[in-house]
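Since the structure comes first, as structure tokens, the remarks are kept for the end.
Here, each number is a calculation from the coordinates, and none is a lab measurement. Bear in mind the structure is a predicted one, so any value in this text is a computation, not a measurement. With ideal geometry, Cβ positions are generated from the backbone for all residues, glycine too; neighbour counts draw on all protein chains shown.
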Amino acid sequence: MRFGVVVFPGSNCEADCYHVINKVLREDVEYVWHQETYVSGYDCLVLPGGFSYGDYLRCGAIARFSPVMDAVSSFAREGGLVIGICNGFQILLEAGLLPGAMLRNTSLHFICRFVNLRVENSSTPWTNRAAPGQVLRIPIAHNEGNYVVDRDTHRRMVEEGRIILRYCDGEGKVSEEANPNGALDNIAGICNEGFNVFGLMPHPERASEEILGSADGLVIWESIMAYHAERG
């Protein structure tokens with residue numbers, strides 16, 4: 001399987017993603033600079049976390065206009081797998097590849113810590129290696145992770161199973177107390193209608209080796225690989 005990790009000026013998690021894919025998963029991976037306009041040789045594109053273009057205007061607002069994003073959009077329309085992590089999720093929202101927007105955390109503080117996530121849909125390219133309702137322990141690191149979306153779109157997302165991850169406690173209970181940033185409906189990760197574009201605020205690449213305190217993030221990476229293998 002061939003991964004491409006897109007790098008924008010200000011990205012700072014691309015090396016982490018590259019390391020996990022190359023050294024832990026032992027898969028083929030290359031960096032894709034933001035000025036590239038050709039991405040059709042990849043099986044999955046990763047938009048990593050960081051502070052693309054310094055997060056000026058809004059998180060992801062400038063990166064959305066990078067040349068590579070036209071190619072990413074075409075890749076996604078053709079059914080290619082695209083995962084946006086943290087700032088990558090924000091870029092996908094700004095590009096219209098996923099619905100909704102991000103506000104500042106309700107605490108108005110940057111939050112960097114492990115959180116618990118409940119897998120809401122285990123029949124996706126991103127979670128097929130998880131059990132329904134499985135709780136994953138993965139860290140977050142963001143200032144704007146307060147996800148919002150209009151009521152009708154939220155209703156459709158719920159009905160279609162496109163809310164993939166929710167913040168929860170260690171027992172899997174979704175509650176206000178378990179919500180670190182105020183996100184609507186405790187939403188931590190969502191998919192588009194075709195389920196081939198996935199955005200999440202937690203960082204699975206930072207929880208893919210036990211030495212880091214958790215290897216639960218491997219569920220997501222291994223699900224991508226399993227989905228690709230099943231498609232032949």
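Relative contact order for the range 2-231 using alpha-carbon pairs under 8 Å, separation at least 6, rounded to a whole percent?
It comes to 19 percent, rounded to a whole number.
Testing the spin-label approximation: label points 7 Å from Cα along Cα→Cβ at Glu171 and Glu78. State their distance in nm.
4.9
Under the rule of at least 5 residues apart or a separate chain, name every residue whose amide H is placed under 5 Å from the amide H of Val5.
Glu30, Tyr31, Val32, Val46
In nm, to one decimal, how far is the Thr153 label point from the Glu210 one, both placed 7 Å along Cα→Cβ?
Once both label points are built, they end up 4.2 nm from each other.
Within the range 189-221, report the GluC sites (Glu not before Pro) that DSSP leaves as loop and that have at most 15 other Cβ atoms within 10 Å.
Listed in order of number, the matching sites are Glu193.
Tell me, Ile140, Ile21, Ile211 in order of fewest to most beta-carbon neighbours within 10 Å?
Fewest-to-most Cβ neighbours within 10 Å comes out as Ile211, Ile140, Ile21.
Among all stretches of the chain without exposed chymotrypsin sites (Phe, Trp or Tyr not before Pro) (DSSP loop, at most 14 other Cβ atoms within 10 Å), which one is longest?
Counting only loop sites that pass the neighbour cut-off, the longest clear stretch is 111-232.
Which residues' amide hydrogens lie under 5 Å from the amide hydrogen of Glu27, considering only partners 5 or more residues apart or on another chain, with H built in the peptide plane?
Asn22
Starting with the fewest neighbours, write out Leu92, Leu165, Leu45, Leu212 ranked by other beta-carbon atoms found within 10 Å of each beta-carbon.
Going from sparsest to densest Cβ surroundings: Leu212, Leu45, Leu165, Leu92.
What list of ³J(HN,Hα) values in whole Hz, one per residue of the range 65-71 in order, does the Karplus curve 6.51 cos²θ - 1.76 cosθ + 1.60 (θ = phi - 60°) give from phi, with Gly and Pro shown as x?
In residue order, the calculated couplings are 9, 4, x, 5, 5, 5, 5 Hz.
Residue by residue through the range 175-190, which ³J(HN,Hα) values in whole Hz follow from phi under the Karplus form 6.51 cos²θ - 1.76 cosθ + 1.60 (θ = phi - 60°), with glycine and proline marked x?
8, 5, 5, 8, 8, x, 10, x, 4, 3, 6, 6, 6, 10, x, 9
When only C-alpha pairs under 8 Å and at least 6 residues apart count, what is the relative contact order of the range 34-149, in percent?
In percent, rounded to a whole number, it is 25.
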